[in-house]
Each structure stands twice: as C-alpha cells, then as structure tokens.
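The values are calculated or read from the model by the stated rules, or taken from the named source; none is laboratory data. On a predicted model such as this, the values are computed, not experimentally measured, just so you know. Cβ sites come from the backbone with ideal geometry, for glycine too, and all protein chains shown count toward neighbours. All accessible areas refer to the heavy atoms of the entire protein, side chains included, with ligands and DNA or RNA removed. Shrake-Rupley method; radii C 1.70, N 1.55, O 1.52, S 1.80 Å.
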Amino acid sequence: MAKVARYDFRSLTAKDLPLLARWLREAHVAEWWGDPDEALEEIASAIDDIATEPLIVELNGRPIAYLQSYDPHLEDDHPYQDQPTGTLGLDITIGPVQLVGIGHG
C-alpha cells in the first residue's frame, strides 16, 4: 500500500529563517522573490504583521514550502483591493527544487 501524503501547516517562526534563507538562494525561488536578503527581511517582518500570515508547509513532517496568506485590503495600494471584503491572497513557494512541478503546489 502506498504511503498517503500528509500535509501540515504551521506558523513560521524565527527558527525557520535559516531554512528560508537557503530556499531563497535557489534559482527557482529567487526568480519570484528577487534579492534573497531583502526577501528574507520581508518574510521575517511578516511574523509579527497582522496583514500577512506566514506558514511553513510540511510533507510527512518535512518542511517543503513557504506559504503566506494576506488581506489585500490591509496593504496600501495593493492591486487586489478592488476584490470583495474577505478576499485573501495566497502565495506558495516550494523550497526543494526536486518537489517543483509534481503537484505539491
């Protein structure tokens, strides 16, 4: 019998930042996030920001992705502020390149 994939979502903590720093330096991640140091600073500030909920996605207990949800109405000049109240944006970044493009997103 094949093992069933189990996904868990947990809040990002400062202890996760070294892992995110490694992921942000991967070409497939940097393509979307830009400068790794600036991106890490932005993500770290989201830990205490009410506008963004930063999460780590785990697959069978192993961190595989960074996910953030955000309310576009809490950010000045966000391009999706025209959406109905209650709308949330979701961004997902798969860390390990070997897990990209095989259905985890």
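Summary table
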read-out: Residues of the range 20-30 classified as part of a helix (DSSP H, G or I) and either free of Cβ contacts under 8 Å to residues at least 24 places away in the same chain or farther than 20 Å from LEU90 by Cβ (or both), total; value: 5
read-out: Residue under evaluation ARG22, criteria (1) under 12 Å from the mean Cα position of the chain (by Cα); (2) modelled with pLDDT of 95 or more, criterion not met; value: (1)
read-out: Residues being assigned to a helix (DSSP H, G or I) and touching a residue at least 24 places away in the same chain (Cβ under 8 Å) - total across the range 1-19; value: 4
read-out: Which listed residue is without any contact (Cβ under 8 Å) to a residue 40 or more places away in the chain and within 26 Å of GLY101 (Cβ to Cβ), from PRO54, PRO36; value: PRO36
read-out: Residue satisfying all of: in the range 31-50; part of a loop (DSSP other than H, G, I, E, B) and aliphatic (A, V, I, L, M); surrounded by the fewest Cβ atoms within 10 Å (Cβ to Cβ) among these; value: ILE50
read-out: Hey, ASP77 farther than 18 Å from LEU24 by Cα and either open to solvent by 70 Å² or more (accessible area, probe 1.4 Å) or in a strand (DSSP E or B) (or both) or not; value: yes
read-out: Conditions (1) in a strand (DSSP E or B); (2) exposed (fewer than 15 other Cβ atoms within 10 Å of the Cβ); (3) among the aliphatic types (A, V, I, L, M); number of the one not met by LEU55; value: (2)
read-out: Subset of the range 80-99 that is in contact with a helix residue (DSSP H, G or I) (Cβ under 6 Å, 6 or more places away or on another chain) and surrounded by 15 or more Cβ atoms within 10 Å (Cβ to Cβ) - its residue that is farthest from LEU12 (Cα to Cα); value: GLY89
read-out: Single condition ALA27 does not satisfy, out of (1) under 21 Å from GLY101 (Cβ atoms); (2) touching a helix residue (DSSP H, G or I) at 6+ places or on another chain (Cβ under 6 Å); value: (2)
